[in-house]
Amino acid sequence: MIIFSLNSHGLGNVYWNDVIKILRNIIPVYDKVNSAISLGKDNKYRREGIIKSVFPGNDVLDAGSGYGNMSKLVLENVSKDVRIHFYDPIPEMLKGISDNFRGLYTGFFMCSGIFEKIPFKSETFDAVICGYSIRDSIDLEKAFEEIHRVLKVDGRFLIVDLGKPDNFITRTLVTLYLKYFLVIIAYLAAGKQGLPFRTLYGTYLKWPKNNDLKLLLLKKFSRVDFSRKLFGGAIIVVAYK
């Protein structure tokens, strides 16, 4: 049983369970729809963040890894001389990693769990990478605390995700896109299987505005490099321990 209480930052226990159930149902079309609703820029932003935060020889935690899209880009754009731990709350997602990495990389580890209770010793990883995943945490501040704990001194925490613009007009436009147009794009990409992606709008509503997110990170991390894309509707963040 998950015991974290509802928090002003994060999904809270009840909604988190609902989101996880939906994510389980969309596993077959997850990558296709995710690429479509990001207007094809998801991997571009992942790659930009990875080059800034992951280096050869690193121990890497791919947190909320899904099928391992972030780590695949690490291997292709940084080095295969890394040790990757795939970590996701949905075991069914992890099952696809072996197929996804066949012939590309074999030195990885997998386990399932939540951001708020990461089952590794303190100062284990050089980098923790989160691609479109940390937004689905139960308690965002607790998740940041855990990620900070498992990072080595001078470790990097990468977030690539949707952004919530600080400017009211821009934020309204992004909100309208996610509320009304996202489901149309998801349907065009995957038919009825894409319709559950409408839940992304609910997670976005609970996501802090960009500047508030930066301030939350600065409570734990010594420095935060915050890059805004698509007028703030997408973000690449590297936080340094």
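Readers should treat all values here as calculations from the given coordinates under stated rules, not as data from a laboratory. Remember, predicted model here, so these are calculated numbers, not experimental data. Cβ coordinates were reconstructed from backbone atoms using ideal geometry, including for glycine residues, and neighbour counts include every protein chain displayed.
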* Asked: If you stretched the chain out fully between residue 198 and residue 24, how much longer would it get, using 0.36 nm times the residue separation minus the C-alpha to C-alpha distance?
  -> 61.2 nm
* Which of the lysines could be linked to residue 209 by a straight reach, that is with a Cα gap under 24 Å, when you skip same-chain ones fewer than 8 residues away? -> 41, 44, 52, 142, 164, 179, 219, 220, 229, 241
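What relative contact order, as a whole-number percentage, does region 12-240 give when Cα pairs under 8 Å and 6 or more residues apart are counted?
Values: 407 pairs, mean separation 48.9, N = 229.
With pairs under 8 Å counted, the relative contact order is 21 percent.
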* **Nitroxide proxy distance, nm - points 7 Å out along Cα→Cβ at residue 181 and residue 205** => 2.1 nm
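If packing is taken as the average number of other Cβ atoms within 10 Å across a peptide's residues, how do 159-168, 20-29, 64-73 rank, most packed first?
Ranking, from highest mean packing down: 64-73, 159-168, 20-29.
So, with +1 on the Cβ of K and R and -1 on the Cβ of D and E, and no other charges, what is the size of the charge dipole of the chain about its Cα centre, to the nearest 20 debye? Mind dumping the intermediate values first?
Values: 34 positive and 24 negative charges, 97 e Å.
About 460 debye.
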* Mind giving me the nanometre distance, one decimal, between the label points for residue 152 and residue 122, set 7 Å out from Cα along Cα→Cβ? => 1.7 nm
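Based on the alpha-carbon gyration tensor of the chain and its eigenvalue square roots a ≥ b ≥ c, which shape applies: rounded if a/c is under 1.5, prolate if not and a/b is larger than b/c, or oblate? Provide the component values of the computation, followed by the final result.
Numbers: a/c = 1.37, a/b = 1.17, b/c = 1.17.
The shape class here is rounded.
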* Asked: Cα to Cα, under 16 Å, and not fewer than 8 places away if on the same chain: which aspartates and glutamates meet these conditions relative to residue 95?
  -> 31, 62
* Structure fact -> Length gained, residue 51-residue 92, 0.36 nm per residue minus C-alpha separation, equals 11.9 nm
